[in-house]
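A.B. asks: Here you go, one structure.
The values are calculated or read from the model by the stated rules, or taken from the named source; none is laboratory data. Predicted model, so just to flag it, every value in this text is computed and none were measured. Note that each Cβ is placed from the backbone with ideal geometry, even for glycine, and that neighbours are counted across all protein chains shown. The accessibility values were calculated without ligands, DNA or RNA, using every heavy atom of the protein model including side chains. Shrake-Rupley method; radii C 1.70, N 1.55, O 1.52, S 1.80 Å.
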Amino acid sequence: MALRLHPRFARLRKAGAPVRVTMPYGGDAWLVTGYEQTRFVLSDPRFSRAAAAGADVPRGRPGLEPAGNLLAMDPPEHHRIRALVGTAFTARRVELLQPRIQAIADTLLDGVAPPADFAAAVTWELPVLVICELLGVPAEQRRLVRECTETLVASDVTPEDVTRARGKLAGALQTLIAQRREQPADDLLTALVAARDEDDRLTDRELLMLGVALLTGGHETTANLAGSFLVELLSDRDRWTTLVARPELIPAAVEELLRYVPLSTVADFARIAREDLSLGGQIIRAGDAVLVQLDAANRDEEVFPSAAELDFSRAVNHHLAFGYGVHHCLGAPLARLELRILLSTLVRRLPGLRLAIPAEGIGWRRGGLLRGVTSLPVTW
């Protein structure tokens, strides 16, 4: 099944040192698979994300990372822009969104009948509806958002496709920004426009790139995870019935599924060493690219006992599913809430939910950086 990690990752972790790999684009890099080394690379300022922007660095997709992207910035520029958005994604503020997210989930379930493709009807729709509503994107543009963001995380497209998709999103955002200047609303985009116009804390380019990043990261990850979570739960009936019988386990189950279920198809988002240094006994030279494999790090037996087992009672679970350090995912609280609400709603409303086909027959997306189902046939 597509949710199984390649066994070679375990061997690489035990070897202890980064390994040299050749990426589909940009040449060779050092690959890190252990938990502690991954945290070190993600948090040490000697590894730069900004140095990868606009450069032909080792990567898993065509096209170069544009400058001005929040994910390709280093402090202090990164801190300045992240702080503008961070107040909207604190755990406390995100919890205030719970009634609206619950209403969206219930509405989506009201519209399905068995048998159904949950990928099309639920797991893809919930995250895109939530992030578009949060940013104030009108309903008629949500399909454009989804199509463009899928292109931005694809690996089987051309650099021209990536540039075109980014341009379409930027064009839609420019129209919305102009509208918010004329008619402010109670949404995140209005707050960002105010930060640009009133406080002069964002450039026009930064405002656009931030909007594109929020639209892309705000639903692609959660949508793929939601489908994969359900495959993992429904392919082993005991897991599903445990949550039906004990819904209080769902918050812990979400954390364990985040640790256990692989998301990436290939390591990406290289960091460039600013100086020579040693990592796991391996000398990394200044200018070398370093990649981390978060899914492999989350299976590190030295940190997670019985790491190859899915354990909803795991007491300590400091997984790296949302990264670590200054680039820890801004939307993590929102993603967690959406996943908790989705699972809680399903076990309550559809306790008899089950796969309509064998797990081995489920189709998986190909040609992208993220693992996800193409369809999820279920019945109840």
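A.B. asks: Take the residues in the stretch 347-380 that are assigned to a helix (DSSP H, G or I) and either in contact with a helix residue (DSSP H, G or I) (Cβ under 8 Å, 6 or more places away or on another chain) or free of Cβ contacts under 8 Å to residues at least 24 places away in the same chain (or both), then tell me which one is most open to solvent (accessible area, probe 1.4 Å). Let's see the steps before the verdict.
C.D. replies: Taking the stretch 347-380 as the starting set, the residues that turn out to be assigned to a helix (DSSP H, G or I) are 347-349, 359-361.
With the extra rule that they be either in contact with a helix residue (DSSP H, G or I) (Cβ under 8 Å, 6 or more places away or on another chain) or free of Cβ contacts under 8 Å to residues at least 24 places away in the same chain (or both), the set shrinks to 347-349, 359, 361.
Numbers: 347: 10, 348: 144, 349: 85, 359: 16, 361: 53 Å².
The qualifying residue most open to solvent (accessible area, probe 1.4 Å) is 348.
A.B. asks: Please count how many residues of the stretch 221-250 are β-branched (Val, Ile, Thr) and over 24 Å from the mean Cα position of the chain (by Cα).
C.D. replies: We begin by selecting, within the stretch 221-250, every residue β-branched (Val, Ile, Thr); these are 221-222, 231, 241-242, 244, 250.
Those left that are additionally over 24 Å from the mean Cα position of the chain (by Cα): 241-242, 244.
Counting residues in the stretch 221-250 that are β-branched (Val, Ile, Thr) and over 24 Å from the mean Cα position of the chain (by Cα) gives 3.
A.B. asks: A further question follows. Could you list all residues from the stretch 64-92 that are assigned to a helix (DSSP H, G or I), open to solvent by 80 Å² or more (accessible area, probe 1.4 Å) and free of Cβ contacts under 8 Å to residues at least 60 places away in the same chain? Let's see the steps before the verdict.
C.D. replies: Applying the first criterion (assigned to a helix (DSSP H, G or I)) to the stretch 64-92 yields 70-72, 77-86, 91-92.
Going one step further and asking which of them are open to solvent by 80 Å² or more (accessible area, probe 1.4 Å), we end up with 77, 79-80, 92.
77, 92 - these are the residues of the stretch 64-92 that are assigned to a helix (DSSP H, G or I), open to solvent by 80 Å² or more (accessible area, probe 1.4 Å) and free of Cβ contacts under 8 Å to residues at least 60 places away in the same chain.
A.B. asks: Tell me the helices (runs of 4 or more DSSP H) entirely within the stretch 95-180 that contain at least 2 residues that are under 19 Å from residue 223 (Cβ atoms) and at pLDDT 90 or above. Spell out how you get there, then give the answer.
C.D. replies: On the way: elements: 98-110, 125-135, 142-152.
Once the helices (runs of 4 or more DSSP H) in the stretch 95-180 are filtered for at least 2 residues that are under 19 Å from residue 223 (Cβ atoms) and at pLDDT 90 or above, what remains is 98-110, 125-135.
A.B. asks: How many residues does the stretch 178-191 hold that are more than 10 Å from residue 136 (Cβ to Cβ) and open to solvent by less than 20 Å² (accessible area, probe 1.4 Å)?
C.D. replies: Of the residues in the stretch 178-191, 0 are more than 10 Å from residue 136 (Cβ to Cβ) and open to solvent by less than 20 Å² (accessible area, probe 1.4 Å).
A.B. asks: A follow-up question, please. For the stretch 47-63, which residues satisfy the criterion of being surrounded by 19 or more Cβ atoms within 10 Å (Cβ to Cβ) and not in a loop (DSSP other than H, G, I, E, B)?
C.D. replies: Residues satisfying the conditions are 47, 52, 59.
A.B. asks: To continue, here is another question. Would you check which residues across the stretch 202-216 are open to solvent by 40 Å² or more (accessible area, probe 1.4 Å) and either touching a strand residue (DSSP E or B) at 6+ places or on another chain (Cβ under 7 Å) or assigned to a helix (DSSP H, G or I) (or both) and list them? Before the answer, list the steps.
C.D. replies: Going residue by residue through the stretch 202-216, those that are open to solvent by 40 Å² or more (accessible area, probe 1.4 Å) are 203-205.
If the condition is that a residue be open to solvent by 40 Å² or more (accessible area, probe 1.4 Å) and either touching a strand residue (DSSP E or B) at 6+ places or on another chain (Cβ under 7 Å) or assigned to a helix (DSSP H, G or I) (or both), then 204, 205 are the ones that fit.
A.B. asks: When you look at residue 26, is it small (Gly, Ala, Ser), closer than 27 Å to residue 152 by Cα and crowded, with 16+ Cβ neighbours inside 10 Å, yes or no?
C.D. replies: Details: small (Gly, Ala, Ser): yes; closer than 27 Å to residue 152 by Cα: yes; crowded, with 16+ Cβ neighbours inside 10 Å: yes.
Yes: the conditions hold for residue 26.
A.B. asks: Now for a separate question. Tell me the residue from 304, 322 that is under 20 Å from residue 213 (Cα atoms), out of contact with any strand residue (DSSP E or B) (no Cβ under 9 Å at 6 or more places or on another chain), aromatic (Phe, Trp, Tyr) and open to solvent by less than 50 Å² (accessible area, probe 1.4 Å), please. Walk me through it before giving the result.
C.D. replies: Numbers: 304 fails: under 20 Å from residue 213 (Cα atoms).
Every option except 322 fails the conditions.
A.B. asks: Any idea which residue in the stretch 121-164 is surrounded by the most Cβ atoms within 10 Å (Cβ to Cβ), counting only those that are farther than 27 Å from residue 104 by Cα and of a type in the set (Gly, Ala, Ser)?
C.D. replies: Initially, the stretch 121-164 is screened for residues farther than 27 Å from residue 104 by Cα, giving 154-164.
Retained after the next criterion (residues that are of a type in the set (Gly, Ala, Ser)): 154-155.
Values: 154: 21, 155: 18.
Looking at the filtered set, the residue picked out is 154.
A.B. asks: Next question, about the same structure. Output the residue which, of all residues in the stretch 181-201 that are in a helix (DSSP H, G or I), hydrophobic (A, V, I, L, M, F, W, C) and over 24 Å from the mean Cα position of the chain (by Cα), is modelled with the lowest pLDDT.
C.D. replies: The residue in question is 195.
A.B. asks: So residue 227 fits all but one of (1) open to solvent by less than 20 Å² (accessible area, probe 1.4 Å); (2) closer than 21 Å to residue 48 by Cβ; (3) outside any loop (DSSP other than H, G, I, E, B); what number is the exception?
C.D. replies: Going through (1) open to solvent by less than 20 Å² (accessible area, probe 1.4 Å); (2) closer than 21 Å to residue 48 by Cβ; (3) outside any loop (DSSP other than H, G, I, E, B) one by one, residue 227 breaks only (2).
A.B. asks: Consider residue 38 carefully, then state whether it is of a type in the set (Val, Ile, Thr), closer than 27 Å to residue 298 by Cβ and modelled with pLDDT of 85 or more.
C.D. replies: Working: of a type in the set (Val, Ile, Thr): yes; closer than 27 Å to residue 298 by Cβ: yes; modelled with pLDDT of 85 or more: yes.
When the stated conditions are applied, residue 38 passes them.
A.B. asks: While we're here: Just wondering, is there one or more residues in the stretch 283-295 that are buried (at least 17 other Cβ atoms within 10 Å of the Cβ), in contact with a helix residue (DSSP H, G or I) (Cβ under 9 Å, 6 or more places away or on another chain) and more than 21 Å from residue 58 (Cα to Cα)?
C.D. replies: No, the conditions are met nowhere in the stretch 283-295.
A.B. asks: Is it true that residue 195 is of a type in the set (Gly, Ala, Ser) and open to solvent by 50 Å² or more (accessible area, probe 1.4 Å)?
C.D. replies: Values: of a type in the set (Gly, Ala, Ser): yes; open to solvent by 50 Å² or more (accessible area, probe 1.4 Å): no.
Spelling it out, it is not the case that residue 195 is of a type in the set (Gly, Ala, Ser) and open to solvent by 50 Å² or more (accessible area, probe 1.4 Å).
A.B. asks: Continuing with this model, one more query. Kindly indicate which of 261, 254 is at pLDDT 95 or above and touching an Asp or Glu at 6+ places or on another chain (Cβ under 9 Å).
C.D. replies: Values: 254 fails: touching an Asp or Glu at 6+ places or on another chain (Cβ under 9 Å).
That would be 261, the only listed residue that is at pLDDT 95 or above and touching an Asp or Glu at 6+ places or on another chain (Cβ under 9 Å).
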